[in-house]
1. For the range 59-75, which residues satisfy the criterion of being under 18 Å from residue 31 (Cβ atoms) and surrounded by 12 or more Cβ atoms within 10 Å (Cβ to Cβ)?
2. Looking at the range 55-85, which of its residues are part of a helix (DSSP H, G or I) and not charged (D, E, K, R)?
3. Output yes when any residue across the range 86-94 is more than 16 Å from the chain's Cα centre (by Cα), surrounded by fewer than 16 Cβ atoms within 10 Å (Cβ to Cβ), in a helix (DSSP H, G or I) and not aromatic (Phe, Trp, Tyr), and no when none is.
Amino acid sequence: MKRDDKLDYLDGREVAYIKFVIPSKGYKKYKANIYDSSNKKIKSVMFGDRRYEHYFDRVGGWHELNHNDRKRRAAYRKRHEKILLKDGSPAYKQAYTPAYFSYYLLW
């Protein structure tokens, strides 16, 4: 199977991002719609909280909440790295989880 620039892999299955959307309801900053081409379904993952600041928004919808404080970023990442999944692995390392998106796109 040849890798394509638009595709990525989740648990051995081909997936492709559709887009990041700012939800109209609730407090979440983003909803990531992920298309799983193996079963032709869209998985939605919501992450971030629009009531709080973040280090730097790499998606681009909430730049007014950037604080760019390196000490706060280091403290957040240190706390975040301790969040574990049921199997004991760090949540931020599991692709396409809310922790993953927050860690790499907002912090």
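Quick note: the coordinates plus some simple rules give every number you see, no bench work behind them. All figures in this text were calculated on a predicted structure; none of them were measured in a lab. Reconstructed Cβ throughout: ideal geometry from the backbone, glycine too, with neighbour counts over all protein chains shown.
1. 59, 61, 62, 65
2. 63, 65, 74, 75, 76, 80
3. No, the range 86-94 contains no residue that is more than 16 Å from the chain's Cα centre (by Cα), surrounded by fewer than 16 Cβ atoms within 10 Å (Cβ to Cβ), in a helix (DSSP H, G or I) and not aromatic (Phe, Trp, Tyr).
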